[in-house]
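**Q** Have a look at this one.
The values are calculated or read from the model by the stated rules, or taken from the named source; none is laboratory data. These numbers were taken from a predicted model, which means no experiment stands behind them. Cβ placement follows ideal geometry from the backbone for every residue including glycine, while neighbour counts extend to all protein chains displayed. SASA here: full protein model, heavy atoms, side chains in, ligands and nucleic acids out. Shrake-Rupley method; radii C 1.70, N 1.55, O 1.52, S 1.80 Å.
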Amino acid sequence: MKLLEKYFLPSDYFKEFRGITPQYLKDRGIRAVITDLDNTLVGFDEPDASDEVLQWFKTMKDNGIKVTIVSNGSRLRVSEFCDPHDIEYIFRARKPLGRSYRKAVHMMGMDSAETVMIGDQLLTDVFGANRAGLKSILVVPVKNRDGWATIVNRRIERIIMKYFDRKGLIQWGD
């Protein structure tokens, strides 16, 4: 069970990405953010960035926090979301494999100790970040619906989350 905690327990939890502020990150020595796209920032079926997402990116940038999207989504999906807003990204990341996490850290000119991964999935975002030596933040998915590839992962995640809950390891932030 210690392996569950080592690989799947996030560094922190938030109900939504907007609760993660530059001050929260700076207080923890974080200067760079890697974030998932689908069901972390917007629903998997929403093609465009909302005003809230764009404001969050602007707030991070204005406070010297670098942000890169790392998504398992296709080039078309991710580029259509990011390109109009000059958001750095990696598509078809093959999370939880570590290569894309390391690439994003390098692209931002940071090191692992000052970078955090934000995502809505334990089995891809958190697992990959923890394996890559990054801090990780789990957020509640923005939608209750998922793409077909995520449905099986969610069932496994529920089992792991119940374990964390029983052990008192989950404390949701704002």
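**Q** Considering only protein heavy atoms, with the full assembly of protein chains and a 1.4 angstrom probe, order Val67, Val139, Val152 by accessible area, largest first.
**A** Listed by decreasing accessible area, they come as Val152, Val67, Val139.
**Q** Toward the positive end of the charge dipole of region 64-167, about the Cα centre and with charges on Cβ (Lys, Arg +1; Asp, Glu -1), which of Ala93, His106, Met161 goes farthest?
**A** Of Ala93, His106, Met161, it is Met161.
**Q** Applying the Karplus parametrisation 6.51 cos²θ - 1.76 cosθ + 1.60 with θ = phi - 60° to the phi angles of region 122-132, what ³J(HN,Hα) value in whole Hz is obtained for each residue in order, glycine and proline being reported as x?
**A** Running phi through 6.51 cos²θ - 1.76 cosθ + 1.60 with θ = phi - 60° gives 5, 7, 10, 5, 5, 4, x, 5, 4, 5, 7 Hz.
**Q** Keeping all protein chains in place and using 1.4 angstrom, which order do His106, His85 fall into by accessible surface area, from largest down?
**A** Greatest to least solvent exposure: His106, His85.
**Q** Just the number, please: Stokes-Einstein D of region 1-139 in µm²/s, Kirkwood Rh from C-alpha pairs, 4 °C, 1.567 mPa s.
**A** In µm²/s, the coefficient rounds to 88.
**Q** Further, regarding this structure: Could you check the spin-label model distance between Glu80 and Leu4? Points 7 Å from the Cα along Cα→Cβ, value in nm.
**A** 3.9 nm
**Q** Where does the charge balance sit around Gly29 when Lys and Arg score +1, Asp and Glu -1, over other residues with C-beta under 13 Å from its C-beta?
**A** Taking every Cβ under 13 Å from that of Gly29, the sum is +1.
**Q** Please give, to one decimal in nm, the separation of the simple spin-label points placed at Arg158 and Asp51, each 7 Å out from Cα toward the Cβ.
**A** So the label points at Arg158 and Asp51 sit 3.6 nm apart.
**Q** At 1.4 Å probe size, put Phe14, Phe44 in order of accessible surface, largest to smallest.
**A** Largest to smallest exposure gives the sequence Phe44, Phe14.
**Q** Dipole magnitude of region 1-91 about its Cα centre, charges +1 at Lys/Arg Cβ and -1 at Asp/Glu Cβ only, in debye to the nearest 20?
**A** Dipole magnitude for region 1-91 comes out near 580 debye.
**Q** Quantify, in whole percent, the carbon and sulfur part of the accessible surface of the chain (1.4 Å probe; protein heavy atoms only).
**A** On the chain, the fraction of accessible area on carbon and sulfur atoms equals 51 percent.
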